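Below is one structure, written out as structure tokens; the observations come after it.
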């Protein structure tokens, strides 16, 4: 509500002062042009360090008046949205800076701000104002991070990537920065392949930038190159490729394009250019260290360590890391005095970091602290201070456990992103998603119903087939084994002589009367001895009359007996294995295989269907 009142007041202010300010309006010359032609200048005017106090709010009101004037004159609605967006941002930051809020109050303020930004995003999409759309998406990304943390941003990646893929870096110069944000998110979760993918997407269409005057977007290009270099070093262990990306940073020239009167912005750009050059040299120095080329590494590490903290105090963690590497190098050289000098430097930067970020800021640099403790343990051990060496080694172990806990927690958040994404409501997509899901649910429900019907139909068909199979198997089990079976195979019938048939009929009768098949130890030799004939003649008679060998022949009797037993109402009192042994099989596996071969189904299925 406060934002709406503020915007209303600026509209009233525009009616009172438009005439006086029209001739000084810096935005009028931007009307009708592509964003790429004026984007840098617009961002410098609106978003360079500005007054955020109630007393100085006149500055912001004037900018909003001027933006609305451009909308009135040019009839371009996007300038109205630009004014709304700037007013919301300014008023939100001013409110945040001029009041002390607890976390609940601050989150509540941010949620109101996010709702208003979403409204501007929806309106930007309606009029196809790509630059305003991407501005608001960028701001939403930052606020989602504040409200929900990195894990919740994963649900926003696809939408951001889809929109960025539709524009080039020339059309929207902040494109590399936004891809750097996405890449950093995956880097945070140690998903380095995905991080590199988005960093490389951010570099698309930017090669020509290196031959142009410097802009406020060049640092984003350097960040992308730097982070890809770190991935090649730390993840792929490819120092050559890592060197290539760090050297590309050093190859980018500084040729300011902004008006020479803007001394402050030129100074900031020059500092930014020099800082990235030092960071790149320091990272090259780290690569030399990893190659054990200490002569090349030392001057690069010293220079980047000392100069990085001169540009801004956010580089203290970087400086600590380089001081630790320098100490490690001189410990490797057994030069404890020089190593102690860089240990003192590391301690100096750590103390400065504590003052700037507090205990929480130090604890967040867990990997840095682990390296520091390990180096300190090594130094004290070499210096003969074993007790202190042990304490530092113990501290490194504790810090490592803490680091593992942090990483595991990140992984849990990453794996739970599907559930967390549902908590992140995107009002601008709600209607579209609702109708799409409704159609999908209807289609899926219809397919599911059809699938269930088909499954039921096939189930009924299958049950009917099983019942027919069981009935056929029962009938088969009641038929005697005779040479009539061979009628199914004319070739076998022609091979069987009268003597073969006579021997076979005698064997068949013996099997029925004596039930020799019930004995698992019954063999061809034993039956031949009972019948008083040569085993070879008996085997030949079985083969010629049935086309099968002795084992198949006797197992068929056993299977038929098993069918009769399992068809009985008393079958449930016995196990399948027990029935197998009772009918003459040595084990359940052989029984199952013979039963299925003879009947077409397993013993368990037959008994289940027979008792149904």
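Key figures for this structure:
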read-out: Among residues of the stretch 103-112, those that are surrounded by 11 or more Cβ atoms within 10 Å (Cβ to Cβ), free of Cβ contacts under 8 Å to residues at least 60 places away in the same chain and either within 11 Å of residue 147 (Cβ to Cβ) or in contact with a helix residue (DSSP H, G or I) (Cβ under 9 Å, 6 or more places away or on another chain) (or both), counted; value: 6
read-out: Boolean, residue 541 is part of a helix (DSSP H, G or I), touching a residue at least 12 places away in the same chain (Cβ under 8 Å) and farther than 19 Å from residue 475 by Cα; value: yes
read-out: Check on residue 557, crowded, with 16+ Cβ neighbours inside 10 Å, modelled with pLDDT under 85 and either part of a helix (DSSP H, G or I) or not assigned by TED's automatic domain parsing to the domain that holds residue 518 (or both); value: no
read-out: Failed item in (1) out of contact with any helix residue (DSSP H, G or I) (no Cβ under 9 Å at 6 or more places or on another chain); (2) more than 30 Å from residue 566 (Cα to Cα); (3) at pLDDT below 75, with residue 444 passing the rest; value: (3)
read-out: Residue match in the stretch 579-589 (condition: under 57 Å from the mean Cα position of the chain (by Cα) and without any contact (Cβ under 8 Å) to a residue 12 or more places away in the chain); value: yes
read-out: Residue in the stretch 337-359 that is modelled with pLDDT of 90 or more and outside any helix (DSSP H, G or I) present; value: no
read-out: Options 100, 168, 136, 130; residue that is surrounded by 15 or more Cβ atoms within 10 Å (Cβ to Cβ) and without any contact (Cβ under 8 Å) to a residue 60 or more places away in the chain; value: 136
read-out: Which numbered condition residue 532 misses (of (1) closer than 25 Å to residue 588 by Cα; (2) over 60 Å from the mean Cα position of the chain (by Cα); (3) loosely packed, with under 14 Cβ neighbours inside 10 Å); value: (1)
read-out: Residue count for the stretch 478-509, restricted to those that are surrounded by 14 or more Cβ atoms within 10 Å (Cβ to Cβ), assigned to a helix (DSSP H, G or I) and either in contact with a strand residue (DSSP E or B) (Cβ under 9 Å, 6 or more places away or on another chain) or at pLDDT below 75 (or both); value: 6
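The values are calculated or read from the model by the stated rules, or taken from the named source; none is laboratory data. Quantities reported herein were computed from a predicted structural model and do not represent experimental measurements. Using ideal geometry, Cβ is built from the backbone for each residue, glycine included, and neighbour counts are taken over all protein chains shown.
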